[in-house]
Amino acid sequence: MLFTKRFWDGLADGRITIAFRRWKRPTVKAGGTLRSPGGFLAIDAVDIVGEDALDDTQARRAGYANVAELRKELGPPTPDRALYRVGFHLAGPDPRDALRADDSLSAADTAALRTRLDRLDRAAPEPWTDATLQLIAGQPAVVSTVLAQQLGMERAAFKLNVRKLKALGLTESLEVGYRLSPRGEAFVAQPPEEEDR
């Protein structure tokens, strides 16, 4: 479940506590969590509701000025999609923020990251993790289309790979492009392991 930039401040300060979506099936579930640009959200409820559930009070809780604005964004009902109301609360900052900021890597931390990256490389047609980290380190804030071309990859595949690095705390998304996080910089700065003799 995605939120456009206009909702980020309301998510971050807790003003927005519900969202409405037309789905064939929900993409979140009660008891789950959701990372958002406004913070880490805890999902309290996911319910199918009728069109009459939409009113100005509900619309404001969802970040809209009024129900007319909400209805306009939702579009008309369709027979193949139900109207879902998702209730949530701000559970705090994204845990990945603290991970990305942690640049004090122990030898065990570095070894664990190397193991994870090696596993990602083995699961792919070609190794990509080190090349992607080096590319982002050398070209921060460069649009993903350009970076993907330099690696000979489709943009969608490149972005998926970067999300995997982000989940490990190694990269950060910018308005345009990416950069290494403090953790990523510390990892990349590690001297290469000596080859076994």
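Read-outs throughout are calculated quantities, based only on the coordinates presented, and are distinct from any laboratory measurement. What you see is a predicted model; the values in this text were computed from it and never measured. Note: ideal-geometry Cβ built from the backbone for every residue, glycine included; neighbour counts use all protein chains shown.
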*For I16, enumerate residues with amide H under 5 Å from its amide H, sequence gap 5+ or separate chain, H modeled in the peptide plane.*
L11
_Mean projection area, nm², convex hull over Cα of the stretch 96-188_ = 5.4 nm²
_Surrounding net charge for A82, when Lys and Arg each add one and Asp and Glu each subtract one, Cβ distance under 15 Å_ = +3
*Under unit Cβ charges (Lys, Arg +1; Asp, Glu -1), what dipole magnitude, rounded to 20 debye, does the chain have relative to its Cα centre?*
700 debye
_Largest first and in whole Å, what are the equivalent-ellipsoid semi-axes of the chain based on the Cα gyration tensor, each being the root of 5 times an eigenvalue?_
39, 18, 15
*Local electrostatic count at S181 - Lys and Arg +1, Asp and Glu -1, tallied over other residues with Cβ under 10 Å*: 0
_At q = 0.14, 0.15, 0.22, 0.26 Å⁻¹, what log₁₀ I(q)/I(0) does the stretch 5-93 have when each alpha carbon counts as one equal point scatterer in the Debye sum?_
-0.47, -0.54, -1.13, -1.40
*Using +1 on the beta carbon of Lys and Arg, -1 on that of Asp and Glu, and nothing else charged, what's the dipole of the stretch 5-93 about the Cα centre, debye to 20?*
360 debye
*Quick one: if the Förster radius is 41 Å, what FRET efficiency do R15 and L151 give, using the C-beta to C-beta distance and rounding to 0.05?*
0.50
*For A131 and N66 in the same chain, what is the full-extension length gain: residue separation times 0.36 nm, less their Cα-Cα distance, in nm?*
18.6 nm
*If Lys and Arg each add +1 and Asp and Glu each add -1, what is the summed charge of the other residues whose beta carbon sits under 14 Å from the beta carbon of S104?*
-2
*Near the amide H of A91, under 5 Å away, which other amide H atoms are found, from residues 5 or more places off or on another chain, if H is placed in the peptide plane?*
F40, L41, A42
*Between L54 and residues 5 or more places away or on another chain, which pairs have amide H atoms under 5 Å apart, with H built 1.01 Å from N, and which residues are they?*
none
